[in-house]
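Okay, so here's the structure we're looking at.
The values are calculated or read from the model by the stated rules, or taken from the named source; none is laboratory data. In this text, all values refer to a predicted model and were calculated from it rather than measured experimentally. Virtual Cβ from ideal backbone geometry, glycine too; neighbours counted across all protein chains shown. Just so you know, the surface numbers come from the protein's heavy atoms only, side chains and all, with ligands and any DNA or RNA stripped out. Shrake-Rupley method; radii C 1.70, N 1.55, O 1.52, S 1.80 Å.
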Amino acid sequence: MDEKKLKVAVAGGVTGGHLYPNLAVLEELAKKHDLEVLYFCVEGKIEERLLPKVHPEYRRVSISVKGLRRPIIHPENVFRFFKLRANGIRIKGELREFKPDFIYVSGGYVSYPVALSGKKLGFPVYVQEQNTIPGRANKVISNFAKRVFVAFEESVQHFPESAKSKIAVTGNPVWTREGVAEIRHPTVLVIGGSGGSEFLNRMTIEVAKLLPDIDFILSTGGKKLEDEVPQNVELRDYIENMYAYWRSVDLAITRAGATTISELIHFNVPAIVVPWEGATESHQVVNAKLVEKEGLGTMVREVEYTPEKIVELIRKMLERGRKFEERENPSKRIVQMIEEDLGF
């Protein structure tokens, strides 16, 4: 291995839930090593847009690929399979030329051909799972990965028996920056993921009208609001520096995506979590229960919602207050374990 340069090939994107944990691990590696990164992106997705802004030094390879449709016998999968195969040839060529010290993937359909190509070429493969219920790609990759990093103890049972001895429960790496947001107190942050949530948007307007003495910041995801917006609600299409707001707000109302839950836990943010009921295998409900387990907040199902119920919870949780402190970033433990495995 070149002592002056640590070379890592990475895949995992399409959504911020895959990309941001990768960035947290890469930036932790860069604190200790002269790092060179080859990042496999999916054409038109978030990693193509964000990486040139935050890490222009990373070498990027854009892949035109789509996941297989369900059911697996869908006729369109014939074409997608051959495209995956063609991309596999290209990926293998890129990896052979780059010669990474290891490959790090975090799920999504681009991760599988990258991990499989790396295995065939003899490069160590590490996989990180963000959700309580792992995705199909990560479960398959876990069979030949050197180590599997999971965010939550609850996800271990869903992996193949052959992989369980390689699993380390580390928590979810959290991508952060310095800074806090300048806000008035008390302020409640409402965020329904990068695409927003019509349900949470409507709920915020209804609840804010009953709490004129409390400020709300609502990340709408760019969705239009039909109702009149009260003066105590500040609208944002999207919040890029979420870390600054997690450090600053008094309370959050969120969906229960894995990245959101991990950030709430990392920044110790009191939260009312309303899981998206359409999530695969109800994994957002499982995720939401973790916030209750950590003693940070309460899960409210959509069918249980009334404005009065949320108002009561907000008053009670604001009265209790929050600890403005951060937990250790799981990226540190993941990097330490990789270093120990590979001897650098």
- Query: Does residue 256 meet the test of being of a type in the set (A, V, I, L, M, F, W, C), open to solvent by less than 50 Å² (accessible area, probe 1.4 Å) and outside any strand (DSSP E or B)?
  - Reply: yes
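To keep it simple, each residue is scored yes or no on (1) modelled with pLDDT under 90; (2) open to solvent by less than 40 Å² (accessible area, probe 1.4 Å); (3) hydroxyl-bearing (Ser, Thr, Tyr); (4) assigned to a loop (DSSP other than H, G, I, E, B).
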residue	(1), (2), (3), (4)
222	yes, no, no, yes
249	no, yes, no, yes
283	yes, yes, no, no
291	no, yes, no, no
- Subset of the range 138-172, residues in contact (Cβ under 8 Å) with a residue 40 or more places away in the chain, at negative phi and not β-branched (Val, Ile, Thr), comes to 146, 147, 149, 151, 152, 154, 168, 172
- Residues of the range 15-39 being part of a helix (DSSP H, G or I) and more than 17 Å from residue 56 (Cβ to Cβ), in sequence order, are 16, 17, 18, 20, 21, 24, 25, 28, 29
- Item | Tabulated pairs, the range 191-205, first in contact (Cβ under 8 Å) with a residue 24 or more places away in the chain and within 14 Å of residue 235 (Cα to Cα), second part of a helix (DSSP H, G or I) and among the aliphatic types (A, V, I, L, M), C-beta under 7 angstrom, 6+ apart or interchain | 192/200; 203/310
- Task: Specify the residue that is surrounded by the most Cβ atoms within 10 Å (Cβ to Cβ); the eligible residues are those in the range 113-162 that are in contact with a helix residue (DSSP H, G or I) (Cβ under 8 Å, 6 or more places away or on another chain) and small (Gly, Ala, Ser).
- Result: 115
- Item | Scope the range 224-239; condition out of contact with any Ser or Thr (no Cβ under 6 Å at 6 or more places or on another chain), more than 24 Å from residue 313 (Cα to Cα) and either hydroxyl-bearing (Ser, Thr, Tyr) or open to solvent by less than 20 Å² (accessible area, probe 1.4 Å) (or both); matching residues | 238
